[in-house]
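The values are calculated or read from the model by the stated rules, or taken from the named source; none is laboratory data. Keep in mind that what you see is a predicted model, and the values were worked out from it rather than measured. Here the Cβ positions follow ideal geometry from the backbone for every residue, glycine too, while neighbour counts run over all protein chains shown. These accessible areas exclude ligands, DNA and RNA; they are computed on the full protein's heavy atoms, side chains included. Shrake-Rupley method; radii C 1.70, N 1.55, O 1.52, S 1.80 Å.
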Amino acid sequence: MLNRGRNIEKGRVITRRMFILAAAKVLLFAGISSRLYNLQISDREKYEILSDKNRIREWKTPPQRGIIVDNFNKVLASNDRVFQLHLILDEIKDFDVTVFKIKNIIGLDKFEVNKLYKKKERLKPWDTLVVSDNLTWEQFSKINLYLHELEGAKPVLSTSRFYPYSNDLVHVVGYVGDASPRDIEKPEIKENFVPGLKVGKYGIEKSQEKSLIGNYGIKRYEVNASGKRISQIDYIKEKQGNQVNLTIDIEIQKYAQELLKGTAGSISAMDIYTGEIVAMASSPTYDPNKFTHGINQKDWQEIRDNPLKPLINKSIAGLYSPGSTFKPIVALAALEYGTIDPNKTIRCKGHKHPYELYGIKYHCWKKEGHGYMKLRNAIKQSCDIYFYEMARLLGVDKLSIIAKRYGLGTNVLGEIYNDEKNGLVPNTKWKRNALEQSWYLGETVINGIGQGYIQTTPLQLCLMTAQIANGGYKIKPHIIKDNSISYKDVINKIKLDQSNFPLHERNYLDDINVEYYQRMYHKKSNINFVLDAMYGSTNEQYGTSFKSRYDDPKYQFAGKTGTSQVRRITDLDRELDLDTEQIEYKKRDHALYVAFAPYKDPRYAISVIIEHGGSGSKAAAPLASKLIKRIIDRHKLREQINNGNTSLA
Amino acid sequence: MLRERIQASNYSFLDKLKSVDYLLILLIIAIGSISVFAIYSTEGGKFSFYTKNHIIRLSVFFSLFLVLSFVRVSTWYKNAYLFYIVGLILLITVLIFGISASGATRWINLYFLNLQPSELMKIAVIICFARYYHRIQSSDIQSYKFLIQPIILLIIPCYLVIQQPDLGTSILIAGSGIAIIWLAGLNIKYFVYSGLLILVSLPFAISILKPYQKSRILTFFNPDRDPLGAGYQIIQSKIAIGSGGFFGKGYLKGTQSYLEFLPEKHTDFIFTLFSEEFGFLGSIILLFLYILLIYRIINVGLVSRSFFAKLYCFGFATAIFLYVFVNIAMVLGMLPIVGAPLPIMSYGGSSLLSIMLGLSIVMSCKIYNQEQISVY
């Protein structure tokens, strides 16, 4: 009985203890349930995002770059089909073996193989390594033949930048290349960048990056834990960059480049009303296509070491003393300020009796002298003595006001070319500030013939000529097509400005700011006087560019030659009086020419510079003459296009 | 001396069939079926190796369960110590002839099955202890003489299993043993004292752990310490479960497991996969099935007359609870990652075998619940 009682007690203990345990179990299960609730209901979103991050990986696909076309919609920069070889890194078992095979198939040298290894180090294990972005057809077909042996290798048909007019446009359009770390920092590139994407390195390609670059596409893949793609979930198609229209006429541009062949120099041509740049040639030039896939050392050295400096865009980054092409502005300034009566006669007595100021002698370019000169004749025959005296009377500060107003000494195209130079139109204030010296009258004298401190770019000279030729109105030069600026509108605006004439209370002799399509002159007759003198310079006997003239009024143009010294002319030089060919290249004068055409009802202005070309009348004016004919021949076509009749393209 | 004789009353077969706990069988079938679907999903919805094997094992062991259910509970009682000794011998065999996988030596190659004796030991300890405490008078339970024996019986297999090394199973074996000592009625003060002792000695215990075990414990407290290494499993498991939401991602649509972010998804992390695909709802239902299973086992203990059966059923119920709790808490990031399979659900022959074996003893307790077992 005792045992039995004990046994009952034992049974009770066991059952009691079991219930205590059971209570603990219930508590712990409740803990698990609340944890499940937390994870799956409260924090669900957080874990869903994490899960998607796990399983979805994005690959960006590069966009096609926007194309660049000329005024006639001719493609200047396109996207060409190229053959590429990619390696999908996560599909490769043994990178060394694969590279060795590829090396043998497409013939890579040691240097290129090392480059591949370096590239690979920078990539993530699921990235794509671009082995070559420009295979030849032969290499490409060989790769395809051996493809079964090359795991992870992917022959790809892709596009890359192609410049059909290779050498003719590099200074205008620029070129593309691999993005540097600094490029990638720029917001417009950062937003749209995909590894391997080529970006603009110069010119339009660089400054219009925002339009041209386009938007990358996104391919979303589901991947497994080791990063292998399982399936494509989503594909947002890439968007090609926008087209950029230029005002350039590729035919004129090509011809200009052809005219410059073999020289260092520049030709710029501009519509004198709309400000559209028709051509902007710089010589020598180079092939932008070479840069697309990375230029090789030899080609690069050749370009870099060329003494004629092809890398300098001479139209906007070349600085030259304008020489006698500056004379129209000097004459205009003197007339505007009433410094000189155009009928005033000055005698040019040749080298034996030069102009003298404070004991320093200033010579005319013409050894024998021009004799008695009035202003018109002085411009026409480019008599230096007349301009020495006129400049002396005018003073450099007044001259600089007019020179700046007509476009000299400031950047023409703004932000489009990062290497465009401002040039320099000196005055007394500038010299005090910059050089901390006072101005000497002798400097004014040589400034009167466009020598001394003054420095201009060829495009500035072209703009200056255009703004005189259009009757003294300020225009907006541009190289990217702006449909809001048409010839008709500009003419209307100019007419409006003329009709508002009495309303102009401003003193045009002060250093004032002039708005676009408003007049810049004080007296219209002064502009006309200068234009007439330039006509004489080209179309009358003894004019400096008389030999380059056209008698046909359709092509008849007016211009001004210039010969800019690159060094001081010594007495010995004057005695020797060598021909251009006899002088060392580097010491030869620069030949310049500015012109506008047709003389009656002008539409185009042009500037030509041949570095170390000798005299403007011999080296520069004939080129301008040829190009003017071509420009005028194409004028009708251009007008049709610009009036919206694009069917001709 | 009053001896209670075994009432070798002859149950008719019909009586036996009547007293079978059909709900328990149903629960086993239900969890078993769920496990087949879950394992099928771990293979990405392909009927291949793991699924096939799991189905074969489930059917073989389930049949074994049915057959062994009709073994008299007294037979289990008689052979309890033998069971324990065989388990111990197998554990020693593992130490000598065991086959290794991923740095652990846990298995014996039996050709048709790689047997993991530590899994069998989980059951052996429970039977052994149930028998031990069955015969001890309640007055003797508190004495040191009778306390020291089960402690030694527990320490030996735990030590052997830790040597494999397999901390998880060792803890589960210890847990089951301690549960029975508790059920037998050992004074609470012993549990409190030893609990304090463990707390105090914890720093020393940690210092003798293997580096990977240490890192698992450190990782448990801060999974982001090493998200691609030791913390990877916990992080990925939590992501999978959390992203399942209320209804889950749908069967065969669990991206975490399908895309192989989940480690050991068909063994220890099977709950993660299930929870990702069936969400909170599915998880709670599965949890409920386990609670029912535990309840049914406890119920068998309650209706049994012998202490052996009571102790065994309550002990086994607690063991099942421990397996389920440790596994789920582990995949939920509430406990460090220690190797602990989810009963029936996880792929693994030995674990399934020991669970089925344990359940068959429960069933035999049920069938022969009126049987008195004499002490001798």
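For chain A, the relative contact order is 13 percent, taking Cα pairs closer than 8 Å that sit 6 or more residues apart in sequence and dividing their mean separation by the residue count. Please work out, to two decimal places, the log10 of the ratio I(q)/I(0) at q = 0.17, 0.25 Å⁻¹ from a Debye calculation in which every Cα of region B:129-207 carries one identical scatterer. Those come out to -0.74, -1.31, one per q. Region A:238-296 and region A:366-400 have their alpha-carbon centroids 37 Å apart.
Suppose the Debye formula is applied to equal point scatterers at every Cα of region B:13-367; what is log10 I(q)/I(0) at q = 0.08, 0.10, 0.11 Å⁻¹? Normalising to I(0) and taking log10 leaves -0.39, -0.62, -0.76. Taking the centroid of alpha carbons for each part, region A:444-491 and region A:317-334 are 11 Å apart. Looking at region A:58-245, the pairs of alpha carbons with a distance over 25 Å make up 43% of the total.
Note on the protein assembly as shown: dipole from Cβ charges, positive end direction compared against A:Trp365, B:Leu167, B:Ile141; the farthest Cα belongs to B:Ile141.
Residues A:Arg567, A:Arg35, A:Arg405, ordered by accessible area of protein heavy atoms at a 1.4 angstrom probe radius and largest first, appear as A:Arg567, A:Arg35, A:Arg405.
Considering only the other residues whose Cβ falls under 14 Å of the Cβ of A:Glu443, what net charge follows from Lys and Arg at +1 and Asp and Glu at -1? Charge balance near A:Glu443 sits at +4. The charge dipole of the protein assembly as shown, taken about its Cα centre with unit charges on the Cβ of Lys, Arg, Asp and Glu (plus for the first two, minus for the last two), comes to roughly 2560 debye.
Rounded to the nearest 10 degrees, the inclination of helix A:458-469 to the longest alpha-carbon principal axis of chain A is 60 degrees. The smallest convex shape that holds all Cα atoms of region A:114-165, its convex hull, gives 126 Å³ per residue. For the residue pairs A:Lys314/A:Lys629; A:Lys118/A:Lys309; A:Lys421/A:Lys495, the C-alpha atoms sit more than 31 angstrom apart in A:Lys118/A:Lys309; A:Lys421/A:Lys495.
Taking the DSSP beta bridges with both ends in region A:58-245, the antiparallel portion is around 95 percent. Past 31 Å, Cα to Cα, is the threshold; run A:Lys10/B:Lys122; A:Lys429/A:Lys626; A:Lys120/A:Lys481; A:Lys290/A:Lys547; A:Lys239/B:Lys253 against it and keep the listed order. Where the Cα-Cα span goes over 31 Å, the pairs concerned are A:Lys429/A:Lys626; A:Lys120/A:Lys481; A:Lys290/A:Lys547; A:Lys239/B:Lys253.
Across B:Ile85, B:Ile152, B:Ile180, mean-square fluctuation computed from a Gaussian network of chain B (C-alpha pairs under 10 Å connected) peaks at B:Ile152. Build a GNM of chain B with springs between Cα atoms under 10 Å apart, and of B:Gly103, B:Gly242, B:Gly339 the one that fluctuates most is B:Gly103. Rolling a 1.4 Å probe over the protein heavy atoms of region A:58-245, with every protein chain left in place, gives an accessible area that is 50 percent carbon and sulfur. For chain B, adding -39500 (n - 2.57) for each run of n ≥ 4 DSSP H residues and dividing by the number of residues yields -22500 deg cm²/dmol at 222 nm. Between region B:330-374 and region B:130-164, the alpha-carbon centres lie 21 Å apart.
The alpha carbon gyration tensor of region A:48-87 gives principal lengths a ≥ b ≥ c with a/c of 1.5 or higher and a/b no greater than b/c, which makes the shape oblate.
Antiparallel as a % of all DSSP beta bridges within region A:250-648, to the nearest 5?
So the antiparallel bridges in region A:250-648 amount to around 95 percent.
Over chain A, DSSP H runs of length four or greater, each weighted -39,500 (n - 2.57), average out per residue to a 222 nm ellipticity of -11500 deg cm²/dmol. Say the dipole of the protein assembly as shown comes from +1 at the beta carbon of Lys and Arg and -1 at that of Asp and Glu; which of A:Ser486, A:Asn306, B:Phe191 then lies farthest toward its positive end? After comparing all options, I get B:Phe191.
Can you find, among A:Leu108, B:His54, B:Ile85, the residue farthest towards the positive end of the dipole of the protein assembly as shown? Put +1 on the C-beta of Lys and Arg, -1 on that of Asp and Glu. Among A:Leu108, B:His54, B:Ile85, the one farthest towards the positive end of the dipole of the protein assembly as shown is B:Ile85.
Taking the radius of gyration and the Kirkwood hydrodynamic radius from Cα positions alone, what is the Rg/Rh ratio for region B:242-313, to two decimal places?
Taking Rh as the inverse mean 1/r over Cα pairs, Rg/Rh reads 1.23.
One compactness figure for region A:535-649 is 1.31, namely its Cα radius of gyration divided by 2.2 N^0.38 Å. Over 25 Å apart at the Cα level, from the set B:Lys189/B:Lys214; A:Lys344/A:Lys367; A:Lys261/A:Lys636; A:Lys25/A:Lys53; A:Lys327/A:Lys600, are B:Lys189/B:Lys214; A:Lys261/A:Lys636; A:Lys25/A:Lys53.
The charge dipole of region A:69-190, taken about its Cα centre with unit charges on the Cβ of Lys, Arg, Asp and Glu (plus for the first two, minus for the last two), comes to roughly 140 debye. Loop exposure criterion: trypsin sites (Lys or Arg not before Pro), DSSP state outside H, G, I, E and B, at most 14 other Cβ atoms within 10 Å. Applied to chain B, the longest stretch between such sites is B:47-252. Charge tally around B:Met334: other residues with Cβ under 12 Å, Lys/Arg +1 each, Asp/Glu -1 each, net +2. In the complete set of protein chains, residue-level accessible area for A:Trp300 is approximately 80 Å², probe 1.4 angstrom. Using a probe of 1.4 Å, the accessible surface attributed to B:Asp15 totals some 70 Å² when neighbouring protein chains are kept in position. Calculate the tail of P(r) for the protein assembly as shown: the fraction of all Cα-Cα distances greater than 55 Å, expressed in %. Taking all Cα-Cα pairs of the protein assembly as shown, the fraction more than 55 Å apart is 48 percent. A compact globular protein would have a Cα radius of gyration near 2.2 N^0.38 Å; the ratio found for region A:298-452 is 1.21.
For A:Phe19, the accessible area of its heavy atoms, probed at 1.4 Å with every protein chain present, is near 120 square angstrom.
Listed by chain and number, the lysines whose C-alpha is less than 26 Å from the C-alpha of B:Lys18, apart from same-chain residues fewer than 8 away, are B:Lys78, B:Lys310, B:Lys366. Relative contact order of region B:147-259, taken over Cα pairs closer than 8 Å and 6 or more residues apart, is 10 percent. Residue order by solvent-accessible surface for A:Leu496, A:Leu123, A:Leu408 is A:Leu496, A:Leu123, A:Leu408, largest first, with ligands and nucleic acids left out and a 1.4 Å probe.
Here is the interface size for A with B: some 4200 Å² of accessible area buried, both sides summed, with a 1.4 Å probe. Bridging of A:Lys198 to aspartates and glutamates at a Cα separation below 20 Å is possible for A:Asp80, A:Glu112, A:Asp127, A:Asp133, A:Asp178, A:Asp183, A:Glu185, A:Glu188, A:Glu209, A:Glu238, A:Asp287, A:Asp299, once same-chain residues fewer than 8 apart are set aside.
Here the convex hull built on the C-alpha positions of region A:250-648 has a volume of 153 cubic angstrom per residue. Ranking A:Ile402, B:Ile156, B:Ile25 by solvent-accessible area of protein heavy atoms (1.4 Å probe, all protein chains present), from largest to smallest, gives B:Ile156, B:Ile25, A:Ile402. As a ratio to 2.2 N^0.38 Å, the alpha-carbon radius of gyration computed for region A:175-300 takes the value 1.45.
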